[in-house]
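What follows is a set of notes on a single structure, which appears directly below.
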Amino acid sequence: MTVFEAATGPGETPPADSVAPRESTADAPTSVARLNATIRDFVARWNTVWVEGEITSWNLRSGNVFARLKDTQSDAQISIRIWSSVRARIPSDLGVGDHVVTAVKADYFVKSGDFSFTVAAMKHVGLGDQLEKLEKLRIQLRKEGLFDPARKKRLPFLPHVIGLITGEKSDAEKDVHRNAELRWPQVRFRTEYAAVQGDRCVPETLAALQKLDADPEVDVIIIARGGGDPQTLLGFSDERIVRAVAAASTPVISAIGHENDHPLLDDVADLRASTPTDAAKRVVPDVGEQRALIAQLRSRATTRLTQRLSHDIAQLEQLRSRPVLRSPDPIIDSRSQEVWLLLSRGRDTVTRQLETAGRKTTELRASLRALSPAATLARGYAIAHLEGGVILRDAADAPAGSALTITVDRGSLAARSEGETPESG
């Protein structure tokens, strides 16, 4: 505490430093240093105060935070300082827009006359128990495999219709439409409006999701809203919404809040977009990029085809330049004599074989004729047959009156046996 001592004589004006603020007059004013020191000493007697408000600015400098806290019902604000030693003990996700309760101690700087509050502790309003429940639910859902990347569905390359769930007339809706149409002008949307915070958030979002998921024309669904403090985003960590998104047959994109916002919906969705703008950029391809890609592929195909044709033409010219194709007559002439000789040799061989076979045939024919019964008949012999075709070899076998068939060289005739004449004694 600064001590100011008066050094005046009778009837003299006292120095300003020696005049207490409450004793100051126009003739005996106090000094700025005495006033600031008095204010500092007064403020120093205040105890730590717990105050509720909304963070409106958050500036990090050399590990310390310089911020402002605004009253939730009016425009009243205070400046707060969070030293690095305290910052390590408070939640790391604090930032602009958060609704907090903080323990502050008044601090008045004599040199500059600035008045601010030093933070000793800070926490989210009403989020302690809820955040603990959310972490338990997050662990449970992870064990069930709902966050497993293997179960996430791939987004279509170019969706015919995009389903959008968002607040009516919201900035998120405008951002998604504007950025998607800039990338692909023919994109079509089917929008279902739902409350994005409060008690109606969960049932309306579930109804919109069920309706869009049942629509066969919808290829992908975006759930989008702007940023907000963790309290306003609690609906998108509700277990009913998380399980409904996991069970949906249509791919779902989560575009809730800003980069630092992280509801459970982000973990279970097939794709997590950092902002609604990011979701619009990732749901449809850029028409300019696709045209450039097509032009590049066409150029590469033309180059490859040209190279292939040039290579094949060069190979064809090389083949045509060889002697065998450039002048084939000498090769044909040299082979023609060989073909004539082979043909003559083959003809002679076949002729000889035919002559030999003819002689053998004549000899076999003569042998066959010599052995044939017809040759015997030609020499004047005959063959007698009984009825039934039995050849007669003994006259005793043909009693008198038996019918006979006599075969001669040229035809046959019928006869009857007269029987055998008995000899006289």
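Output the residue which, of all residues in the range 115-131 that are of a type in the set (A, V, I, L, M) and at pLDDT 80 or above, is farthest from Asn47 (Cα to Cα). Let's see the steps before the verdict.
Of the range 115-131, the ones of a type in the set (A, V, I, L, M) are 119-122, 125, 127, 131.
Keeping just the survivors that are at pLDDT 80 or above gives 119-122.
Working: Val119: 12, Ala120: 12, Ala121: 14, Met122: 16 Å.
Looking at residues that are of a type in the set (A, V, I, L, M) and at pLDDT 80 or above, I get Met122.
Given the conditions (1) open to solvent by 60 Å² or more (accessible area, probe 1.4 Å); (2) more than 60 Å from the chain's Cα centre (by Cα); (3) of a type outside the set (Gly, Ala, Ser), report the number of the one that Leu309 does not fulfil.
Unmet for Leu309, out of (1) open to solvent by 60 Å² or more (accessible area, probe 1.4 Å); (2) more than 60 Å from the chain's Cα centre (by Cα); (3) of a type outside the set (Gly, Ala, Ser): (2).
Can you name the number of the only condition in (1) part of a helix (DSSP H, G or I); (2) free of Cβ contacts under 8 Å to residues at least 12 places away in the same chain that Ala172 fails?
(2)
Mind listing whichever residues of the range 277-296 are in a helix (DSSP H, G or I), closer than 16 Å to Val176 by Cα and of a type outside the set (S, T, N, Q)? Give the derivation first.
Narrowing the range 277-296 to residues in a helix (DSSP H, G or I): 277-283, 287-296.
Of the ones still in play, those that are also closer than 16 Å to Val176 by Cα are 277-283.
Correct list: Asp278, Ala279, Ala280, Lys281, Arg282, Val283.
Quick one: which residue in Arg81, Arg34, Arg142, Arg68 is in a helix (DSSP H, G or I), more than 30 Å from Glu239 (Cα to Cα), open to solvent by 40 Å² or more (accessible area, probe 1.4 Å) and charged (D, E, K, R)?
Details: Arg81 fails: in a helix (DSSP H, G or I); Arg142 fails: more than 30 Å from Glu239 (Cα to Cα); Arg68 fails: in a helix (DSSP H, G or I).
It is Arg34.
Go through Thr361, Thr405 for me and flag whichever is part of a strand (DSSP E or B), at pLDDT 80 or above, of a type in the set (S, T, N, Q) and open to solvent by 50 Å² or more (accessible area, probe 1.4 Å). Spell out the reasoning first.
Numbers: Thr361 fails: part of a strand (DSSP E or B).
Sole residue among the options that is part of a strand (DSSP E or B), at pLDDT 80 or above, of a type in the set (S, T, N, Q) and open to solvent by 50 Å² or more (accessible area, probe 1.4 Å): Thr405.
Does Ser92 meet the test of being modelled with pLDDT under 90, exposed (fewer than 15 other Cβ atoms within 10 Å of the Cβ) and either part of a strand (DSSP E or B) or under 46 Å from the mean Cα position of the chain (by Cα) (or both)? Full working, then the answer.
Numbers: modelled with pLDDT under 90: yes; exposed (fewer than 15 other Cβ atoms within 10 Å of the Cβ): yes; either part of a strand (DSSP E or B) or under 46 Å from the mean Cα position of the chain (by Cα) (or both): yes.
For Ser92, the condition - modelled with pLDDT under 90, exposed (fewer than 15 other Cβ atoms within 10 Å of the Cβ) and either part of a strand (DSSP E or B) or under 46 Å from the mean Cα position of the chain (by Cα) (or both) - is met.
Yes/no per residue for (1) within 41 Å of the chain's Cα centre (by Cα); (2) among the polar types (S, T, N, Q); (3) surrounded by 12 or more Cβ atoms within 10 Å (Cβ to Cβ):
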{"position": "Val119", "(1), (2), (3)": "no, no, yes"}
{"position": "Asp148", "(1), (2), (3)": "yes, no, no"}
{"position": "Pro159", "(1), (2), (3)": "yes, no, yes"}
{"position": "Ile162", "(1), (2), (3)": "yes, no, yes"}
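The values are calculated or read from the model by the stated rules, or taken from the named source; none is laboratory data. None of the values given here were measured: they were computed from a predicted structure. Glycine gets a Cβ as well: all are built from the backbone with ideal geometry, and neighbour counts include every protein chain shown. When the accessible area is computed, the model is the full protein with side chains, heavy atoms only, and any ligands, DNA or RNA have been set aside. Shrake-Rupley method; radii C 1.70, N 1.55, O 1.52, S 1.80 Å.
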